[in-house]
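The structure appears below as structure tokens.
Values quoted throughout were computed directly from the atomic coordinates according to the rules given, and no laboratory measurement underlies them. Because the structure is a prediction, the values reported are computed rather than measured. Counting neighbours? That spans all protein chains shown, and the Cβs are built from the backbone with ideal geometry, glycine included.
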Amino acid sequence: MNRLLGLGAAAGLAAGVFALGLAEVIAGLVAPPAAPIIALGDVVVDNVPAGLKDFAISTFGSHDKQVLLGVAYLVAALLSALAGVLSVRSRTGVAGTWLVLGLGALAAFAAATRPESTAFAALPSLAGAAAGMFVLKTLARLVREHQAAPPATASRELTGRRAALGLGAVFAVGVATGGIGNWLGARLRGAETSREAVRLPTAADPAPALPSGVEVGVKGVEPFITANDDFYRIDTALSVPLLRAEDWSLRIHGMVEQEVTLTWDELIGSDLVERDLTLMCVSNEVGGDLTSTARWLGLPIEPLLERAGVDGQADMVLSKSSDGWTAGTPIQALTDGRDSLLAIGMNGEPLPLEHGFPVRMVVPGLYGYVSATKWVVDLEVTRFDRAEGYWTPRGWSALGPVKTSSRIDVPATGDEIPAGKVMVAGIAWAEHRGIDAVEVRIDEGEWQPATLAAEASVDTWRQWYLAWDATPGSHRIDVRATDRDGAVQVGETAPPAPDGATGWHWILVTVT
Ligand SMILES: Nc1nc2c(c(=O)[nH]1)N[C@H]1C(S)=C(S)[C@@H](COP(=O)(O)O)O[C@H]1N2
Ligand SMILES: [Mo]
């Protein structure tokens, strides 16, 4: 009996892989986000309680999506095995078939009700489920035939070989089609090809030269400019939106005198500016690494809004991505002269696909969740009392100015360091206000002024260091920053939700 159940579970697993693989290929052909695991995962992402999302980001950071997908595949594997067990236990195996159909229908429903869903969204899951039901029935029959054959007979051996062959073949085909489906999906959308063909124009208004000394030259401190591959990534997109630049356009509408549609050709032919700007995630914990700086190339948003003619009653721009994510940005932050951009370039390259290719928003001074819309395709001029961004109904503040803060990069908690001169160093930020001072204290003693690196602009983070004469023993080191408005970094600890973490970052080191 145990052996029967084991074989049943294996048959279920093989059928599950086959069904998902086939669904993946069809999704690759019609719509990548309609793949069953992606569609169901998207529903989970959009509906998890704020606390759980917060936990996932603080625990897994930029890898939260891989973890979620891993869990989803594990659940799918367990349910497939269950379907297999159910289908070998009875002659008809009807319960297993129903389970597969139910899961397929659920995924089809999820895919069909997504904001970016197309007419064919239900197809991958339904076709996958149908194929899965058929394959599972066949495998279950082979398994039952094998179990029914009298032990130690030729027929026992033959049916066993047949069942093993069937299982292996179905499994292998499933894995192969899954891989092909993914690849096909990306190829057919042509996003990567489109990106490779983009030639960024030189900026009409280049970034000001970096002053010498924006880096303090202490090993272990975050580089001033983050390489694209190291740039933190946070978004709700389980499957990265695959847009082609040449198809892109942005619609500006709502409380405006006249709708404006901006095409890619117009955008890339416009006078572009280049700026170094630091991006910060509201989910960043005290001491966290959900912040990066890049040199962005883009079109200023303010003149675009002027062209549309913004109604005096409007106070928000609701920006929307191709996959339906939204951010609500105060119009003031887009029209007060700061470098709010529709960015197309990141450190001299077209935006990487995961960072919003072909076009994203970047607004100095605001957390990403209320401003930095990637894959942006729509700007609706509206009011905060009429519309809200994606995270607001999920427990996050409608407004998200970045809080003045600082972080110790070296040494790190747990480090053992020899007594004598030790460089304590890190970064501080108060985007769009600027950092005026950073102070460090040892063992909760007097605050001592740290030396600040040169300031690139008020919109970027600033490095700092303090030469500390370390004495043997264990020590606690705290840091706090003061911004140009004279506001000192808040010392009371608060979690990221609803509008950004507070508290001083501190570390514990042992000096020998
Ligand atoms: N389309 C879309 N844009 C988005 C998000 C998202 O989930 N979807 N997340 C925002 C958040 S919360 C942050 S912090 C920044 C992160 O940008 P990055 O991934 O390029 O670092 O993107 C913002 N733009
Ligand atoms: Mo974020």
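In order along segment 163-168, phi translates into HN-Hα couplings of 5, 4, 4, x, 4, x Hz, rounded to whole numbers, per the Karplus curve 6.51 cos²θ - 1.76 cosθ + 1.60 with θ = phi - 60° and x for Gly and Pro.
Order these by the 10 Å Cβ neighbour count, fewest first: Asp499, Asp276.
In increasing order of surrounding Cβ atoms, one gets Asp499, Asp276.
Taking 14 Å as the straight-line reach from the Cα of Lys320, the aspartates and glutamates in range (excluding those fewer than 8 positions away in the same chain) are Glu116, Asp235, Asp378, Glu380, Glu388. Per-residue 3J(HN,Hα) values for segment 481-497, derived from phi via the Karplus relation 6.51 cos²θ - 1.76 cosθ + 1.60 with θ = phi - 60°, read 10, 10, 8, 6, 7, x, 7, 8, 3, 5, x, 5, 7, 9, x, x, 6 Hz in sequence order (x marks Gly and Pro). Each stretch of four or more DSSP H residues adds -39500 (n - 2.57); spread over every residue of the chain, this sum gives -12000 deg cm²/dmol at 222 nm. For the peptides 291-298, 257-264, 63-70, residues were scored by their other Cβ atoms within 10 Å and the scores averaged per peptide; the highest-first order is 291-298, 63-70, 257-264. For Ser457, the amide hydrogen comes within under 5 Å of no other amide hydrogen, counting only partners 5 or more places away or on other chains and with H modelled in the peptide plane. Counting only lysines at least 8 places from Lys137 when in the same chain, there are none with an alpha carbon closer than 21 Å to its own.
Name the long-range amide H neighbours of Glu285: under 5 Å, sequence gap of 5 or more, or other chain; modelled H, no Pro or chain starts. Here the answer is Leu290, since their amide H atoms fall under 5 Å of that of Glu285.
Residues whose amide H lies under 5 Å from that of Val511, counting only those 5 or more places away or on a different chain, are Ile417, Gly473, Ser474, His475; hydrogens are built 1.01 Å from N in the peptide plane.
Cross-link partners among lysines for Lys219, C-alpha distance below 29 Å, same-chain residues fewer than 8 apart left out? Lys219 reaches Lys403, Lys421. Here the 3J(HN,Hα) profile of segment 385-399, calculated from phi with Karplus coefficients 6.51, -1.76 and 1.60 at θ = phi - 60°, is 8, 10, 9, 9, x, 3, 7, 5, x, 9, x, 10, 4, 5, 9 Hz, Gly and Pro shown as x. If the segment from Val175 to Arg476 were pulled out straight at 0.36 nm per residue, it would be longer than the present Cα-Cα gap by 103.2 nm. Restricting segment 193-241 to trypsin sites (Lys or Arg not before Pro) that sit in a DSSP loop and have at most 13 other Cβ atoms within 10 Å of their own Cβ leaves Arg199, Lys219.
Could you please rank His432, His253, placing first whichever residue has the fewest other Cβ atoms within 10 Å of its Cβ?
Listing His432, His253 from fewest to most nearby Cβ atoms yields His253, His432.
Shape of segment 234-386 from the C-alpha gyration tensor: rounded (a/c under 1.5, with a ≥ b ≥ c the square roots of its eigenvalues).
Specify whether the C-alpha gyration tensor of segment 1-136 places it in the rounded, prolate or oblate class, a ≥ b ≥ c being the square roots of the eigenvalues: rounded for a/c under 1.5, otherwise prolate if a/b is larger than b/c and oblate if not.
The shape class here is oblate.
Fewest-first ordering of Ser212, Ser474, Ser117, Ser319 by other beta carbons within 10 Å of each residue's beta carbon gives Ser212, Ser474, Ser117, Ser319.
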